[in-house]
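> Take this structure first; my questions come after.
Nothing in this text is a laboratory measurement; each read-out follows from the coordinates by a stated rule. Everything quoted here is computed from the prediction, not taken from an experiment. Cβ coordinates were reconstructed from backbone atoms using ideal geometry, including for glycine residues, and neighbour counts include every protein chain displayed.
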Amino acid sequence: MKPGIDGGHVNMKIENSTLAAVDLGSNSFRLQIARIADGQIYPLDSLKETVRLAAGLTDDRLLDEAAQLRALAALSRFSERLRRFPVNAVRAVGTNTLRVAKNSDAFLRKAEATLGFSIEIIAGREEARLIYLGAAHSLPPSTEKRLVIDIGGGSTELIIGNGLESLLTESLYMGCVGYSAKFFPDGKIDKRSLERAELSARNELQILVRKFTAAGWSEVAGSSGTIKALVTLIQLNGFSNDGITADGLKLLRAALLKAGDCNRLQLAGMRPDRAPVLAGGFAILSAIFAELGLTRMIYAPGALREGVLYDLIGRAHHHDMREVTVDQFMRRYHVDANHAKRVATLSCKLFQQVAIENPDDLLILKWAAKLHEIGLSIAYRSYHKHSAYIVQNADMPGFSQMEQVQLSQLLLAHRGKLSKMAQLLSLPKGRTLIFCLRLSTLFYRSHNQIVLPEIVCRSVPRGFELLLDAEWLATNSLTATALSDEAAEWEASGHTLVLKTQEFVPVIQQ
């Protein structure tokens, strides 16, 4: 994808007809490769590795060595298939176990080196949005609202949507791997353990029952491995001929209790690799049917990885959910849109002078410029801290957790003392992004559309050099003083901002 700046907007053009999605789930790692034609995905290849990452999560939420080795081995095999893919044609996402593991950062460094591509840890509701996007594309078009349910290894997502748009999303910290290990060790299942697991799941579900039933739905669909395994068992054994039904679940429940052990369950369609986590997944689905009063569920072939692919296509064709989210935040927090656009435009122009153009960095900078004043809705005093807090902690559809952290850091750094950003300043990219945003907000501090001089800047060791028109500075003493104070702030932080003046003929209108 090649970027270009137009009024602060980053334009991208898709150059790849083949894309890949990597789903680092809590139970399985999956790779999906697809050809893109007319905005649709046509699968070319897929790989699945049963990693059971969630099973390697210790009581103090650390990924143990064995789970890490299983994960790295799977990613190594994926990397062979992705070896010739360009960076912008692959998107890898991590889910619940990597969200909660305390040592996920250290593991990710090894995982990214093994896979050969960056890995995003996505929030639960973002995972839910992508699941719905994948599921909706795989189902017949409908004008009615749908409830989509996905039971993963470490979390369960519930989404109400209409068409291709998710309207209500939730992610609960319960999954087939965790529940199987907690309530059904070694696959053993009896009436008491099943009731305990179902009660635990129902307690988790109670927080969302009222708002989900109030929103309503006309059809229920389930996606991913757990639902697929259960619908296969129910249909192949004649418990139901029409997807998963409440009566079909009762018959499967009886079969599970009769067997007493998922590893000894003699049913058509029972796969050995699914046995260790079947009971946990069944208990969660049974609880969902009971709490939401469901009677029937169909299976949706599409899920997270298909959603990732469709989202990737959208980003390339200017249907980026992140852009939608930024615009929504600007409206929600009553941002001065004209001022934000001026700051974004200048920030990106400065960036192009001092850094190698990178589309991802330009996007982060543009979004930071548009959101830098959302904290004003709380209070003017320390508003940059409020802005940073909102961005780091809010649900931001389309954004990965790392992207939200990057945005939050930039918003915190755009004014005030630089000493608080020592770690980010030590990195050339972080230093450059901070410089561009701080200078842009400084020049437009009045919030008015003003005539700026030609601004020439370049990188120097541990800082920047800024060349401005001498006459303009002389007639804009407030800005000249602010620039002098800014240079002192960079020096105090152990960095450099050198101000130089020169006579320029033309002025430019920003």
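> Rounded to the nearest 10 degrees, what's the angle between the helix 191-215 long axis and the longest principal axis of the chain, both from Cα atoms, 0 to 90?
50
> From largest to smallest, what semi-axes in whole angstrom does region 57-208 give when each is the square root of 5 times an eigenvalue of its alpha carbon gyration tensor? Walk me through the intermediate numbers first.
Details: eigenvalues 156, 126, 33 Å².
Ellipsoid half-lengths, sorted descending, are 28, 25, 13 Å.
> Shifting gears a bit: Which angle from 0 to 90°, rounded to the nearest 10, does the C-alpha axis of helix 304-316 make with the longest principal axis of the chain?
So the inclination is approximately 30 degrees.
> Still on this structure: Suppose only helical runs count, i.e. DSSP H with n ≥ 4. What mean residue ellipticity at 222 nm does that imply for the chain under -39500 (n - 2.57) per run, divided by all residues and rounded to the nearest 500 deg cm²/dmol? List each step's numbers first, then the result.
Values: 19 runs with 249 residues, N = 510.
Calculated at 222 nm, the ellipticity per residue is -15500 deg cm²/dmol.
> Given +1 on the Cβ of Lys and Arg, -1 on the Cβ of Asp and Glu, and no further charges, what dipole in debye does the chain carry about its Cα centre, rounded to the nearest 20? Could the numbers behind the result be given before it?
Working: 59 positive and 53 negative charges, 182 e Å.
That gives the chain a dipole magnitude of about 880 debye.
> As a test, work out the antiparallel percent of DSSP beta bridges whose residues both lie in the chain, rounded to the nearest 5. List each step's numbers first, then the result.
Working: 45 of 68 bridges.
Of those bridges, close to 65 percent are antiparallel.
> For the ranges 432-441, 358-367, what's the packing order if you count other beta-carbon atoms within 10 Å of each residue, average per peptide, and put the highest first? Don't jump to the answer; show the numbers that get you there.
On the way: 432-441: 24.3, 358-367: 20.7.
Sorting 432-441, 358-367 by mean packing, highest first, produces 432-441, 358-367.
> Next up: Would you work out the relative contact order for the chain, in percent, from Cα pairs under 8 angstrom that are 6 or more residues apart? Could you put the intermediate results ahead of the total?
Numbers: 952 pairs, mean separation 68.1, N = 510.
The normalised contact order for the chain reaches 13 percent.
> While we're on this one: On a 0 to 90 degree scale, rounded to 10, what angle separates helix 321-332 from the longest Cα axis of the chain?
For helix 321-332, the angle is close to 70 degrees.
> How long are the three semi-axes of the equivalent ellipsoid of region 304-383, in whole Å, if each is the root of 5 times an eigenvalue of the C-alpha gyration tensor, listed from largest down?
On the way: eigenvalues 122, 73, 19 Å².
They are 25, 19, 10 Å, listed from largest to smallest.
> Can you give the charge dipole size of region 221-336 about its Cα centre, rounded to the nearest 20 debye, using +1 on the beta carbon of Lys and Arg and -1 on the beta carbon of Asp and Glu?
Working: 13 positive and 11 negative charges, 93 e Å.
Computed charge dipole of region 221-336: roughly 440 debye.
> Right, here's the next one. Net charge within 12 Å of P276 by Cβ-Cβ distance, Lys/Arg positive one each and Asp/Glu negative one each, not counting P276 itself?
On the way: positive: R52, K188, R271, R274; negative: D186, D261, D273.
Taking every Cβ under 12 Å from that of P276, the sum is +1.
> Mean shadow of region 320-509, computed from the convex hull of its alpha carbons, in nm²?
Over all viewing directions, region 320-509 projects a mean Cα-hull area of 10.2 nm².
> Okay, moving on. Binning every alpha carbon pair distance of region 125-304 at 10 Å from zero, what are the percents per bin?
Going from the shortest bin to the longest, the percentages are 10, 41, 36, 11, 1.
> Something else about it: Quick check: the distance between the Cα centres of region 129-186 and region 38-94, to the nearest angstrom?
First find each Cα centre; the distance between them is then 20 Å.
> Between E454 and L164, take the C-beta separation as r, use R0 = 45 Å, and let me know the FRET efficiency to the nearest 0.05. Let's see the in-between values first.
Numbers: r = 46 Å, r/R0 = 1.02.
Plugging the Cβ-Cβ distance into 1/(1 + (r/R0)^6) gives 0.45.
> Listed highest first by mean packing, meaning other Cβ atoms within 10 Å per residue, what order do 338-350, 32-44 come in? Write out the running numbers ahead of the final one.
On the way: 338-350: 22.2, 32-44: 14.6.
Top of the packing list down: 338-350, 32-44.
> Take each of the peptides 211-217, 321-327, 280-286, average the number of other beta-carbon atoms within 10 Å over its residues, and list them starting from the highest. If you can, show how the numbers build up before the last one.
On the way: 211-217: 13.1, 321-327: 18.0, 280-286: 26.9.
Averaged packing, sorted descending, gives the order 280-286, 321-327, 211-217.
> Moving to a separate point now. Identify which of the listed values of log10 I(q)/I(0) by the Debye sum over Cα atoms at q = 0.06, 0.08, 0.13 Å⁻¹ was calculated from the structure shown: [x] -0.37, -0.65, -1.25; [y] -0.27, -0.48, -1.26; [z] -0.34, -0.57, -1.22.
[z]
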